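Nothing in this text is a laboratory measurement; each read-out follows from the coordinates by a stated rule. Everything quoted here is computed from the prediction, not taken from an experiment. No Cβ is skipped: glycine too gets one built from the backbone with ideal geometry, and neighbour counts run over all protein chains shown.
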Amino acid sequence: MSQMYTIFINDLTVHITRKAPAIGKVVEVTEDPRIWLDKHWDTIVSKPKNMHLYVVTEAPEELWNYIGKRYRHIEAAGGLVRNTLGEVLFIHRLGKWDLPKGKLEEGEDVRECALREVEEECSLTGHTIVEEFPSTYHTYKMGETPVLKRTYWYLMRVEGRPELAPQIEEDITETVWLKEVDWAQVENNTYPSIKSLLETYRFRYK
């Protein structure tokens, strides 16, 4: 299977790949990736919301690396936490459903960061890492500086159904356990990167 890189830009999902999908909006790179990027990236990132765009190139890794050079890089880590009843932990922050996550502190191990952020944002203890999930990449502006954030994700488990409490100072207003049949409220009001992570969870644990 050929490598595909995915970057979330607001509600636009851009896939950098070698092979075009059977269905989907496709843009083909027919020149040097660096030249193409300088010409077209600003147009790409202004595409309509809520769509998937496939950028097809013979050099996906090279193009991905060039894209990365246009941004300041920040790393974060978080968790998709499942309890004994099979429910998953969600938080509500700044009007959107999300999963607990946060930036790495200086010198901090990625796994330790993920566990710490879950504890701090949800007042949860006793959770452990089961396995690593794919990282997500999304962009945003910090002042006038464009930022590319990589978030490392881990599936976690916790015994029982512990009580939760939101970290109000981080703008979290709710922390809830939800069964998969109740995820519609989340998926109708969350970020594309979180939807992607939930799809990975479903694929692995169906």
Worksheet item: How big is the chain in terms of Cα radius of gyration and Dmax, in angstroms?
Response: 18.0, 56
Discussion item. Less than 23 Å apart at the alpha-carbon level, and either on another chain or at least 8 residues along: which lysines does that give for LYS47?
Written reply: LYS19, LYS25, LYS39, LYS69, LYS96, LYS141, LYS149, LYS195
Response to the item:
Those helices of the chain passing the 27 Å axial Cα length cut-off and the mean Kyte-Doolittle cut-off of 1.0 (DSSP H runs only) are none
Worksheet item: Could you name the aspartates and glutamates in cross-link range of LYS101, using Cα to Cα under 12 Å and dropping any fewer than eight places away on the same chain?
Response: GLU75, GLU112, GLU117, GLU119, GLU120, GLU121, GLU170
Worksheet item: Lys/Arg Cβ at +1, Asp/Glu Cβ at -1, dipole of the stretch 14-137 taken about the Cα centre: which of HIS52, THR128, LEU85 is farthest positive-ward?
Response: HIS52
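Tally Lys and Arg at +1 and Asp and Glu at -1 over the other residues with C-beta under 15 Å from the C-beta of SER193: what net charge comes out?
Values: positive: LYS49, ARG93, LYS96, LYS101, LYS149, ARG150, LYS195; negative: ASP11, GLU75, ASP98, GLU187, GLU199.
Residues near SER193 contribute +2 overall.
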Item to complete: Compute the distance in nm between two label points, each set 7 Å from the Cα along the Cα-to-Cβ direction, one at GLU61 and one at ARG18.
Response: 1.0
